[in-house]
Amino acid sequence: MYICDCHCDTLTKLHEQGTSLYENDHHLDLRRLIANGGGLQFCAIYVPSEYRYQGGLRYALLLLDKYNRELADLSRRGIDCLPVLTRQDARDARRHQVATLLAVEEGGAVEGSLEALRIFYQLGVRCMTLTWSNRNDIADGVNDAITGGGLTAFGRQVVREMNRLGMIVDVSHIAPQGFWDVIELSEKPIMATHSDATAVCDVPRNLTDDQIRAIAANRGVIGINFASQFLAADPAEADIDSIYRHIDHMLALVGDDCVAFGSDYDGIKRPPRGAEGVEKFPAIIEYLLKKNIPPASVEKIAHLNVFRLLDEVL
Ligand SMILES: [Zn+2]
């Protein structure tokens, strides 16, 4: 089945190790993704937290350049990869072998500048995770939740400008107050590209039931994160069934319009048993169907929800 995956950190691995997006031995490459039947892969430019006040822009450009060089390599190999930039691209994506969507993870990448945000848009970025887990000049991340900080004045400008440009506002990693500020402020559906449910695994990176309801009411989308420590209280026990349990919880809570995948492949140290890499998506889909999630709901989770959001946001 065609899969939209809302988060991976593969670009970081490619940058650090000089490896290829088409074929590598990391969690994810496009060769395996195409073998699955194709998909739309969000590719995050993750800016390490130490650069969030200074140097973020330069670091982000290194990964952006790597992304562009990999797209050129794919075209040399004769691979039909569509970088999604417009609503029409999102509608056309499935006619291509594979599609990518460029994201920035860590709003410190724009270094406090709306001009830089707009330049990122021009360079093809269509989604930005406002914060990583630490505080930046947009909002507090979950590690700083104790101070109760929400969106800063600049953070509010960023959300408004992302809405205007047609960039997805991603609330994964943000502290609760900032989350609620975004819910109140955003005029477009938002995403939590890679977050699970607190009710199933109680860690700060996951979403409470109230947050899940708010994202559903906003017509937003939540990508289920495959990090073992977010899936299960005992990470050693995490497996495909843990992924299913988070999906099942969200379906019961808000229905089937807001759940998707956000694997976090190549950003997580220990994937769950049975979901070790992108090649396991068919097995995950098979498992969801075996657990009696209706095929129409599985199709929404696999790709329809993300395409619906892209149609509303881009
Ligand atoms: Zn992340």
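Values in this text are rule-based calculations from the coordinates and carry no lab data. Model, not experiment: these values are computed from the prediction. When we count neighbours, we look across all protein chains shown, and the Cβ atoms used for this are built from the backbone with ideal geometry, even at glycine.
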Query raised in the report: Does the chain come out rounded, prolate or oblate, given a ≥ b ≥ c as the square roots of the eigenvalues of its C-alpha gyration tensor, rounded meaning a/c under 1.5 and, failing that, prolate meaning a/b above b/c?
Result: rounded
Query - the chain: relative contact order in percent, alpha carbon pairs under 8 Å with at least 6 residues between - result: 19
Query raised in the report: How much FRET efficiency would the formula 1/(1 + (r/R0)^6) give for ARG31 and LEU123, where r is the Cβ-Cβ distance and R0 is 30 Å, rounded to 0.05?
Result: 0.70
Query raised in the report: How many nm is it between the label spots at GLN17 and ILE146, if each spot is 7 Å from the Cα in line with the beta carbon?
Result: 3.6
Query raised in the report: If the chain between ASP92 and GLU279 were fully stretched, how many nm would it gain, using 0.36 nm times the residue separation less the Cα-Cα distance?
Result: 65.0 nm
Query raised in the report: What ranking of MET128, MET167, MET1 emerges when the number of other C-beta atoms within 10 Å of each C-beta is taken as an exposure proxy, fewest first?
Result: MET1, MET167, MET128
Report task. Amide H neighbours of LEU82 under 5 Å, at least 5 residues apart or on other chains, H built in the peptide plane: list them. Result -> VAL98, ALA99, THR100
**Report entry** Amide proton proximity set for TYR265, modelled H, under 5 Å, gap of 5+
**Finding:** ASP9
**Report entry** Extension gain from ASP73 to GLU161, taking 0.36 nm per residue of separation minus the Cα-Cα distance
**Finding:** 28.4 nm
Report summary line: dims of the range 125-213, Cα set, principal axes, largest to smallest, nearest Å -> 35, 24, 22
Requested in this report: Taking 7 Å along the Cα-to-C-beta vector as the label spot, tell me the LYS291-SER113 distance in nanometres, rounded to one decimal.
Outcome: 4.6
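Using only helices, what value at 222 nm comes out for the chain when you add -39,500 (n - 2.57) per DSSP H run of length 4 or more and divide by the total residues, to the nearest 500 deg cm²/dmol?
Estimated from H runs of four or more residues: -11500 deg cm²/dmol.
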**Report entry** Centroid-to-centroid separation of the range 209-238 and the range 99-146 [C-alpha atoms, Å]
**Finding:** 20
Query raised in the report: Among TYR46, TYR51, which comes first, second and so on when ranked by fewest other beta-carbon atoms within 10 Å?
Result: TYR51, TYR46
Report summary line: Listed by chain and number, the residues whose amide H is under 5 Å from that of TYR22, excluding neighbours fewer than 5 places away on the same chain and using placed H, are LEU30
Query raised in the report: In nm, to one decimal, how far is the modelled label at TYR53 from the one at ASP311, with both set 7 Å along Cα→Cβ?
Result: 4.5
Query raised in the report: Tell me, what HN-Hα J-couplings in whole Hz come from the Karplus equation 6.51 cos²θ - 1.76 cosθ + 1.60 at θ = phi - 60° for each residue of the range 305-314, using x for Gly and Pro?
Result: 4, 5, 5, 4, 5, 4, 5, 8, 9, 6
Query raised in the report: With a 10 Å Cβ neighbour count serving as the proxy for reagent exposure, in which order, fewest first, do HIS27, HIS249, HIS194 appear?
Result: HIS249, HIS27, HIS194
Query raised in the report: Tell me, what is the percent relative contact order of the range 172-230, built from C-alpha pairs under 8 Å that lie six or more residues apart?
Result: 40
